[in-house]
Amino acid sequence: MSQEFSHLDEAGRARMVDVSGKNESVRIARVRVDVLLNAETMRLLVQKALPKGEVLGTARVAGILAAKRTAELIPLCHPLPLDFADVSFDIDEAACAIRIEAEARTSSKTGVEMEALVAAQIAAATIYDMCKAVQKDIRISNCRLVYKSGGKSGLFQAD
C-alpha cells in the first residue's frame, strides 16, 4: 500500500512522507483566491473607513504569518524554512472583487504549495473578519495553485 500512496504506511496509517533522499532545490508556489464584496463594503475598504481598521495590511501580515505556521496546522506537512513569503492584492472596484496572490519560496527538499495555499486562505479569511461588521455575505472563491516550480515534478502553470 505504501508504494501507491505516499502518505500511508504499509498498514494503511497516515504518515509524513520521508523526504530525506530528495535533493534540495529552490521551490516557488503561488496561489490565488478571490474575495467578493458588495459595493458599499468595497467603497469603505478603498476609503480605509471600515470599523476594524486597515484591512489589506492586516490581511497581508496574517497571510505571511500563516505561511510560516503551516506545518502546525496541517498534520502531515513538513516544517519548512521559508526563504520568502508574501501576499499581494489586486482590487477591482467595478467588480467589487479583491484578488489575493500569495507566494512562498524555499530552498528545501519539498514544495511550498501548502504554505502558499494557507497564506492565501488566511489572508482571505482576515478580509472577511475585518469586513463582517458591515457585510455578512462576503464570498471567498476560486482558490487555486497558479504556479509551482522546483523539485522533481518541475514547472506547473495554470491556464
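We did not get these values from a lab; they are worked out from the coordinates using the rules stated. Since this is a predicted model, take the numbers as computed values, not measurements. Methodologically, a virtual Cβ is constructed for each residue, glycine included, from the backbone with ideal geometry; neighbour enumeration extends over all protein chains shown.
For segment 138-148, 3J(HN,Hα) computed residue by residue from phi via the Karplus equation (6.51, -1.76, 1.60; θ = phi - 60°) reads 4, 10, 10, 8, 6, 6, 6, 5, 10, 7, 8 Hz, glycine and proline entered as x.
Kirkwood-type hydrodynamic radius, segment 25-150: 14.6 Å, calculated from all non-identical alpha-carbon pairs. Selection among PHE89, SER149, GLY63 by position relative to the dipole of segment 25-150 gives SER149 as farthest towards the positive end (Cβ unit charges, Cα centre). Taking other C-beta atoms within 10 Å as the exposure proxy, VAL55, VAL112 rank VAL55, VAL112 from fewest upward. For segment 69-135, a simple Cβ point-charge model (Lys and Arg +1, Asp and Glu -1, everything else neutral) yields a dipole of about 240 debye relative to the Cα centre.
Considering only alpha-carbon pairs that sit under 8 angstrom and 6 or more positions apart, the relative contact order computed for segment 25-150 is 47 percent. Of the cross-linked pairs LYS68/LYS152; LYS52/LYS136; LYS22/LYS68; LYS48/LYS68, those separated by over 25 Å at the C-alpha level are LYS48/LYS68. For a quick check, take a GNM of the chain with Cα springs below 10 Å and name the residue from LEU76, LEU117, LEU145 with the largest mean-square fluctuation. Fluctuation is largest for LEU76. Beyond 19 Å, what percent of the Cα pairs of segment 48-101 remain? For segment 48-101, the fraction of Cα-Cα distances above 19 Å is 43 percent. Of interest is the spacing of the C-alpha centroids, which for segment 134-152 and segment 13-40 amounts to 10 Å. Net charge dipole, the chain: roughly 160 debye, given to the nearest 20, about the Cα centre with Cβ charges of +1 for Lys and Arg and -1 for Asp and Glu.
GNM remark for the chain: springs join alpha carbons under 10 Å apart, and the peak mean-square fluctuation among ALA119, ALA95, ALA67 falls on ALA95. Note on the chain: with a GNM built from Cα contacts shorter than 10 Å, the maximum mean-square fluctuation among SER108, SER20, SER141 falls on SER20.
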